[in-house]
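Below: one structure, written as structure tokens.
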Amino acid sequence: MFLALKELTYSKGRFIMISLIIILISWLVFFLAGLGNGLSDLGAATLKYAPIEYAVYEENSDFSFSKSMLSESLADDLLKEKGVTAVAPIGTASASIRQKNSDEDTASKIDVLIAGIRPGSFMEPIVTAGESLQASNPAGVIVDRSLELEGFKLGDNLTINGSTQEMEIIGFTENQSLSHQPVVFSSLEKLREYKYAAPSSDNGIKDVVNSILIQGKESEPKEIEKSIEGVQVGSKKEAINAVPGYAAENGTITLMVGFLIIISAIIIAVFFYILTSQKTQQFGVMKAIGGSNWFIIKSVVSQVFILSVISILIGILLTYATAAVLPDSMPFNLIPSLVISYSLVLLAISVISSFFSVLKIAKIDPLTALGGKE
Amino acid sequence: MAGLQLKNVSKVYQEGDFETIALNDVTLAVEPGEFIAIIGPSGSGKSTFLSVSGALLQPSKGEVSINDVAISTLKEKELSKVRLEQIGFILQTSNLIPYLTVLDQLLIVKRMGGKVTAQAKEYALRLLADLGMTSKIKKYPNELSGGERQRVAIARSFMNDPDLILADEPTANLDTKRANEVVQLIAQEVKSRGKAAIMVTHDERMLKYCDCVYRIEDGVLSREE
Ligand SMILES: Nc1ncnc2c1ncn2[C@@H]1O[C@H](COP(=O)(O)OP(=O)(O)OP(=O)(O)O)[C@@H](O)[C@H]1O
Ligand SMILES: [Mg+2]
């Protein structure tokens, strides 16, 4: 640590160059990670951040909300299953909404995803403005804040296009999106009145819902499938991946960030290797006067560690600074757990890549100290 | 027997088909309290002799023992411990670490073996004072003259109180007055603390401080009268 710090302060210029590289790389990694997560939020935020462990669907529905139909009464049966601590039935439908009394042909319309839920269930989002869903007001809805940007306000009455159903915005919430559509949380009754308006479109199922989401880490999906007829239980991950387009989209993003990290690893490793190579003579001197390999390696690795920690922190600050000036319409969501995991990955890359230099150090012959100039 | 022993030591540098016999069947013993000088023309094998004696280089043939330990039996880690604790090297080029101040150059040797104590610091300051470097302890190597750097390297070699001091032309960059002081200092260390010391030099005037003088020519060592 001592040597590492002395050298860092002595050769500031050189180390500023290297930390600049690491800062830029981490900036890029965090920025892409934030954008990637923002994009994947558009695809499935409502499920991603839902406090659920499992989701129950109709058998053979491929964990898809649109292919699955269940009776809401199953919720009570599920609650009796081992390990299940809470349940939330949900039904979803795509819709296009406009202001009430606006002209059907000329008014601006917005595509949304209506999610019917039980008021007060764990699927109900926290409102950032307005109030939560009321059982007494089945037409009241909580909508994603992106609708605010489109000019919708609290108290606005909405008409669903191609339907006679009307809703009232009673609350706004944040980051609720599914299949790239803002989510409108309504009561299950309202959803059914709209989605299953046509006679027998509910296949005769009483109080139809599309899925029942489950809380409870101890619950046993296989047991549930056995004890309840005609259902399929998916993990949270399976539920998210079944959102149309999500898996492919997310795969692309992950691949991009993954490549970026591999390339960064190579760049950082090369830099540290060159840095070490330049100091061959110096390490030779240390060895000649009795420094062990371990002593030198410790100093090199701790130097890389200090340099990386500082650079990564600066990279994080830069990322948040950039995010602050991004337009709201840009999907950017850098959550702390991502920051922490990518920081650790970058730090590990730096430290591991300095091990290549370590191999070189171990091979340096103390005799080089005799030969060269200083 | 403490001190340094070389028994029938040869060193051959192999470069492709080309062989240089840098040391040829050298036998020598230096006892504690003995200060010897090695002279010889350029390329005769003086630096090679010091490297072999100082556990930097394994001989091609023969055996080198430092304080009765045969260095050919030691592993890399043990060799560095021997160099740290038992040998004080004054290299031909002074070889300081560029980003350390004069004082830290000395203390780093302590750090390699563990902790820097207050006594160690005091000792370092005294050594530097003996070599007339007190006013420069905060300077970096690039702010020193060649002679000053050499003096720091000498102080560094004394830092761990080694049993064997090996000096490769320690006076090369010094004026006559300083050169005399430095060699006197080495001689004094050797006598008062019972160390063994070998100095390679070109400077005939320094030979008067030494107990005996050896000449090396084409790798062959012989005693001067
Ligand atoms: N690493 C090496 N590889 C090959 N040959 C070497 C090597 N080091 C030294 N030699 C050769 O061994 C011989 C002795 O070299 P050495 O450095 O011991 O001489 P020296 O007496 O110290 O010379 P100088 O007074 O110029 O420092 C020389 O012929 C030199 O060219
Ligand atoms: Mg030489």
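The values are calculated or read from the model by the stated rules, or taken from the named source; none is laboratory data. Worth saying up front: this structure is predicted, and the values here are computed from it rather than measured. Ideal geometry is used to build each Cβ from the backbone, glycine not excepted, and the neighbour counts take in all protein chains shown. Surface accessibility is based on the protein's heavy atoms, side chains included, excluding ligands, DNA and RNA. Shrake-Rupley method; radii C 1.70, N 1.55, O 1.52, S 1.80 Å.
Of all the residues in the stretch B:76-90, those that are facing another protein chain (nearest Cβ under 9 Å), open to solvent by 50 Å² or more (accessible area, probe 1.4 Å) and free of Cβ contacts under 8 Å to residues at least 60 places away in the same chain number 3.
Is it the case, given these coordinates, that residue B:105 is more than 9 Å from chain A (Cβ to nearest Cβ), closer than 17 Å to residue A:283 by Cβ and in contact (Cβ under 8 Å) with a residue 24 or more places away in the chain? It is true that residue B:105 is more than 9 Å from chain A (Cβ to nearest Cβ), closer than 17 Å to residue A:283 by Cβ and in contact (Cβ under 8 Å) with a residue 24 or more places away in the chain. Scanning the stretch B:12-30 for residues that are over 23 Å from residue B:204 (Cα atoms) and more than 7 Å from ligand 1 (Cβ to nearest atom) returns B:12, B:14, B:16, B:17, B:18, B:19, B:21, B:24, B:25, B:27. In summary, residue B:2 fulfils each of the numbered conditions (1) open to solvent by 60 Å² or more (accessible area, probe 1.4 Å); (2) part of a loop (DSSP other than H, G, I, E, B) with the single exception of condition (1).
Applying the criterion of at least 3 residues that are open to solvent by 60 Å² or more (accessible area, probe 1.4 Å) to the helices (runs of 4 or more DSSP H) found wholly in the stretch B:114-201 leaves B:118-130, B:176-193. For the stretch A:186-201, the set of residues classified as of a type in the set (D, E, K, R) and either farther than 16 Å from residue A:88 by Cα or open to solvent by less than 70 Å² (accessible area, probe 1.4 Å) (or both) consists of A:190, A:192, A:193, A:195, listed by residue number.
Here is a check on your reading of the model: is residue B:194 more than 16 Å from the chain's Cα centre (by Cα) and touching a residue at least 40 places away in the same chain (Cβ under 8 Å)?
no
When A:280, A:319 are checked against the criterion of being within 28 Å of residue A:180 (Cβ to Cβ) and either crowded, with 22+ Cβ neighbours inside 10 Å or among the polar types (S, T, N, Q) (or both), A:319 stands alone in meeting it. If you go through the stretch B:31-42 and keep only what is open to solvent by 80 Å² or more (accessible area, probe 1.4 Å) and either within 16 Å of ligand 1 (Cβ to nearest atom) or within 14 Å of chain A (Cβ to nearest Cβ) (or both), you end up with just B:42.
This table checks each residue for (1) under 30 Å from residue A:350 (Cβ atoms); (2) touching a residue at least 40 places away in the same chain (Cβ under 8 Å).
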site: A:196; (1), (2): no, no
site: A:199; (1), (2): no, no
site: A:213; (1), (2): no, yes
site: A:238; (1), (2): no, yes
site: A:257; (1), (2): yes, yes
site: A:260; (1), (2): yes, yes
site: A:269; (1), (2): yes, yes
site: A:273; (1), (2): yes, yes
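Considering each of A:255, A:154, A:158 in turn, give the residue that is closer than 17 Å to residue A:110 by Cα and either among the acidic types (Asp, Glu) or open to solvent by 70 Å² or more (accessible area, probe 1.4 Å) (or both). Being closer than 17 Å to residue A:110 by Cα and either among the acidic types (Asp, Glu) or open to solvent by 70 Å² or more (accessible area, probe 1.4 Å) (or both) holds for just one of A:255, A:154, A:158, which is A:154.
Consider residue B:68 carefully, then state whether it is of a type in the set (Asp, Glu) and surrounded by 15 or more Cβ atoms within 10 Å (Cβ to Cβ). Spelling it out, it is not the case that residue B:68 is of a type in the set (Asp, Glu) and surrounded by 15 or more Cβ atoms within 10 Å (Cβ to Cβ). Residue count for the stretch B:43-65 satisfying the condition of being more than 9 Å from ligand 1 (Cβ to nearest atom) and either open to solvent by less than 10 Å² (accessible area, probe 1.4 Å) or among the β-branched types (Val, Ile, Thr) (or both): 5. Filtering A:369, A:348 for residues that are more than 30 Å from residue A:145 (Cβ to Cβ) and modelled with pLDDT under 85 leaves a single hit, A:369.
Of all the listed residues (A:300, A:339, A:325), the sole one being open to solvent by less than 30 Å² (accessible area, probe 1.4 Å), more than 16 Å from ligand 2 (Cβ to nearest atom) and away from chain B (no Cβ under 14 Å) is A:339.
Just so you know, in the stretch A:264-283 the residues that are under 17 Å from residue A:362 (Cβ atoms) and of a type in the set (Phe, Trp, Tyr) include one that is farthest from the other protein chains (Cβ to nearest Cβ), and it is A:273.
Of all residues in the stretch B:22-64, those satisfying the criterion of being within 16 Å of ligand 2 (Cβ to nearest atom), more than 25 Å from residue A:291 (Cα to Cα) and not hydroxyl-bearing (Ser, Thr, Tyr) are B:22, B:23, B:26, B:37, B:38, B:39, B:40, B:41, B:43, B:45.
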